[in-house]
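Encoded as structure tokens, the structure appears first; notes follow it.
The values are calculated or read from the model by the stated rules, or taken from the named source; none is laboratory data. Predicted model, so just to flag it, every value in this text is computed and none were measured. Cβ coordinates were reconstructed from backbone atoms using ideal geometry, including for glycine residues, and neighbour counts include every protein chain displayed. Ligands, DNA and RNA are excluded from the accessible area calculation, which covers all protein heavy atoms including side chains. Shrake-Rupley method; radii C 1.70, N 1.55, O 1.52, S 1.80 Å.
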Amino acid sequence: MINDLWYKNAVVYCLSVETFMDSNGDGVGDFQGLQRRLDYLAGLGITAIWLMPFQTSPGRDDGYDVSDYYNVDPRYGTLGDFVEFTHGAKQRGIRVLIDLVVNHTSDEHPWFKEARADKDSRYRDWYVWSKTKPENADEGMVFPGVQKSTWTRDKQSGEYYFHRFYDFQPDLNTANPLVQAEILKIMGFWIQLGVSGFRMDAVPFVIAEKGADVKKPREQFEMLRAFREFLQWRKGDSIILAEANVVPKENLEYFGDDGDRMQMMFNFHVNQALFYAMASADTRPLVKAMRDTERRPKTGQWGVFLRNHDELDLGRLTESQRQTVFSAFGPEKDMQLYDRGIRRRLAPMLGGDVRRLKLAYSLMYSLPGTPVLRYGDEIGMGDDLTLPERNCARTPMQWSNEPQGGFTKGEKPVLPVISDGPYGYDHVNVAFQRRDSESMLNWTERMIRMRKEAPEIGWGEFAVIDCDDPGVLILRYEWRRNVLAIIHSFHDKPVEISFRFEDNEDASVLIDILDGHDNHIDQGGKHRMVLEPYGFRWYRSGGLDYLLKRSEV
Ligand code: NOJ
């Protein structure tokens, strides 16, 4: 199968066109605004943008309710603007991934409108119907507490339709070959317009059997191979990044044993264990999660993230671990969501403590996989808990201290810009941080540069080096004879650690590639060092000529 493995050493930046930059003053972000910010993104050093849904939509689930797959929502611009944008990104060496939301459509999609209006319609079987209310209609809701059921009676046709998510998002009958063909057509369309692939929404539900009689839905994994094959035939370097929050033993089904299904998956397992480690200073569950997700095909890659546009889902932790994370990072009820997660942005979760924020991001850039950062994180943006559900962490980008944070010249932004408190735009904004060499923004730029210069992380094998302290994580990566040792302390006090590389005679001196803390082994052949609270080090072994060395391989 043709392949280009660019995603192995990429840095992905996720943004929503709607809240990034408004060019025409109507309060809604748009492609022309985003286009003007491409140099900013190029300067940050990211190599790929993941665009959240921007196709025509009534916007009841932030675009995850599409009503026309072949268009740009007019509020964001035109297809022409989209192509200008992908072209501009390409000029700067940035690839574009887009959300592919095909588990369901909006109930305003013409397919659904036709399907509900006429039982003989050719689109009837594109959705999932039942004459009576299925017994399990009150099970399996993805948004418990907000969503009441997974089957809703359609007044027009008198039958019930299935919806895994909100009732305005009827599930597509993805087992129907015509629906599958349409999904390929949608992918083909956007590939032709310059994208390098898709973040595929809700993959386990896309491939699950659906229907009133289905008690335990089985996954139709072959569908993933069909998607993959189609993409590779059309454009060999295009990929799918799967949103699939599944247990580790299922991962290989998604990647495919021979790497013939999804190229990338988000590592939800590591994500949750990482937050537990930050809450408890106990990295053992994190190490276990990393080992449990270590096996994957050579071409498969994890997407490593901290926070995304949804709640931080803690559903796979044990009850006591979950409570530990809740009490550390989201103790109040209105910080929590759907009985399983925290809806805040990272900076307020960590109490704005820059040491902890840097620890978290350093981990994101150095855990096995490809980092996926979220717009606004590079400046430490906050949240607005007065907004409903997940909207609290989707507020507009804060560009400057001008009205509306420089996001729009209009007076009514699509969501309120954060204006008060410690995260208000008059002090947390891009313009200020650009001029401050010590800022989070400039630090992020440097970290991204380091990550790109450390392909061992994306390509290599990792080992966990023991230092007898579960509050400190030491990872050793090796790729093409180059070795990286990355150390993170989760402790809130200074700690002294010692460790040795059993098998690497070259590691007598560790060169600090971030700061000046080089380290030499002591007479007993061990490295010893004191780490400051939440301290971290990125080391390369083998001498100062590490850059030179890498270019030799
Ligand atoms: C997962 C997306 O991340 C979330 O934001 C959305 O609500 C659901 N899928 C439904 O599309």
*Heavy-atom accessible area per residue, the stretch 462-531, 1.4 Å probe: how many Å²?*
49 Å²
*Starting from the eigenvalues of the Cα gyration tensor, five times each then square-rooted, give me the equivalent ellipsoid semi-axes of the stretch 110-162, largest first, whole Å.*
22, 11, 9
*Please report the relative contact order for the chain, taking Cα pairs under 8 Å with a sequence separation of at least 6, and give it as a percent rounded to a whole number.*
12 percent
*Pop out the carbon and sulfur fraction of the accessible area of the stretch 322-375 as a percent, whole number, probe 1.4 Å.*
48 percent
_Distance between modelled label sites at ARG446 and ASP138, nm, 7 Å Cα→Cβ extension_ = 5.7 nm
*What is the sum of charges around ARG122, taking Lys and Arg as +1, Asp and Glu as -1, for the other residues whose C-beta is under 15 Å from the C-beta of ARG122?*
-1
_How much length would be gained if the chain were fully extended between ARG291 and ASN176, taking 0.36 nm per residue of separation minus their Cα-Cα distance, in nm to one decimal?_
37.7 nm
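May I ask for the net charge around ASP426, where only other residues with Cβ less than 11 Å from the Cβ of ASP426 are counted and Lys, Arg are +1 while Asp, Glu are -1? Don't skip to the answer; put the middle values down first.
Details: positive: none; negative: GLU402, ASP420.
Here the charged neighbours net out to -2.
Quote to one decimal, in nm, the extra length available between ARG500 and VAL247 on full extension: 0.36 nm per residue of separation minus the C-alpha distance between them.
Stretched fully, the ARG500-VAL247 segment lengthens by 87.8 nm.
I need the calculated FRET efficiency for the pair LYS185 and LYS216, taking r as the beta carbon distance and R₀ as 30 Å, to the nearest 0.05.
Using R0 = 30 Å, I get an efficiency of 0.45.
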*Would you mind computing, in nm to one decimal, how far apart the modelled labels at GLN156 and GLU532 are, each placed 7 Å from Cα along Cα→Cβ?*
6.3 nm
*If you place +1 on the Cβ of every Lys and Arg, -1 on the Cβ of every Asp and Glu, and leave all else neutral, what size is the dipole of the chain about its Cα centre, to the nearest 20 Debye?*
520 debye
*Return the distance in nm (one decimal) between the two label points of a simple spin-label model at ALA117 and ASP258, each offset 7 Å from Cα along Cα→Cβ.*
4.6 nm
